[in-house]
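> Sharing a structure here in structure tokens format.
The values are calculated or read from the model by the stated rules, or taken from the named source; none is laboratory data. Since the model is a prediction, treat every value here as computed from it, not as a measurement. As a convention, Cβ positions derive from the backbone with ideal geometry for all residues, glycine included, and neighbour counts pool all protein chains shown.
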Amino acid sequence: MKIARPERRRRAELEGRAAEREAANWFAAQGWSLVGERVKTKLGEIDLVLRREGTVVFVEVKWRKSAADLDLAIDERRLARVAAAVEAVAHEYAEPHEDIRIDVILLAPGVKPRHIANAWQP
């Protein structure tokens, strides 16, 4: 039985939100404070914004149903879109003396989160 497109989209949205909560909890356990989530701009969306010790991190969260699919979850085009969104709002989250970076966290059932710090380096 094939699932209707609106139902698939709704399910994907729920899975994405759950993955973002899991990622936020993982970062909190590492000492990061959540300062923003699902930040929407005209250029794209930033899943999480976190702060710790003079650094503000903008995080792209990727969830896949299998660990094998994580290797293809993020690419340069997707990161460039996140980077453009970050450029539009970084001044709202980071003070001039703070460092900023873009990280990725890859999540799948049954595997430890894979954190890629400073994933975007133009």
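> For residues in the stretch 92-112 being under 24 Å from TRP63 (Cα atoms) and either among the basic types (Lys, Arg) or more than 12 Å from the chain's Cα centre (by Cα) (or both), which is surrounded by the fewest Cβ atoms within 10 Å (Cβ to Cβ)?
GLY110
> A further question follows. Could you tell me whether GLU13 is among the acidic types (Asp, Glu) and in contact with a Leu (Cβ under 8 Å, 6 or more places away or on another chain)?
no
> Something else about it: Looking only at the stretch 41-62, count every residue that is small (Gly, Ala, Ser) and in a strand (DSSP E or B) and tell me the total.
Final tally of qualifying residues: 1.
> With respect to the numbered conditions (1) of a type outside the set (Val, Ile, Thr); (2) in contact with a Gly (Cβ under 8 Å, 6 or more places away or on another chain); (3) under 21 Å from ARG17 (Cβ atoms), which one is the sole condition not fulfilled by LYS112?
Unmet condition: (2).
> Return yes when PHE27 is of a type in the set (Phe, Trp, Tyr) and outside any helix (DSSP H, G or I) and no when it is not.
So PHE27 does not fit the description; no.
> Determine if the stretch 66-83 includes at least one residue that is at pLDDT below 95, in contact with a strand residue (DSSP E or B) (Cβ under 6 Å, 6 or more places away or on another chain) and outside any helix (DSSP H, G or I).
Yes: one or more hits.
> Which one is nearest to VAL35 (Cα to Cα), of the residues in the stretch 88-98 that are in contact (Cβ under 8 Å) with a residue 40 or more places away in the chain and not in a loop (DSSP other than H, G, I, E, B)?
Step by step, filter the stretch 88-98, then rank; the result is TYR93.
> Which of the following residues is part of a helix (DSSP H, G or I), over 20 Å from LYS112 (Cα atoms) and among the charged types (D, E, K, R): ARG9, ARG38?
ARG9
> Can you pull out the residues in the stretch 47-83 that are of a type in the set (Asp, Glu) and surrounded by 17 or more Cβ atoms within 10 Å (Cβ to Cβ)?
Within the stretch 47-83, ASP47, GLU60 qualify.
> How many residues are under 19 Å from LEU106 (Cβ atoms) and either of a type outside the set (A, V, I, L, M, F, W, C) or touching a helix residue (DSSP H, G or I) at 6+ places or on another chain (Cβ under 7 Å) (or both) when one looks only at the stretch 35-59?
Selection size over the stretch 35-59: 11.
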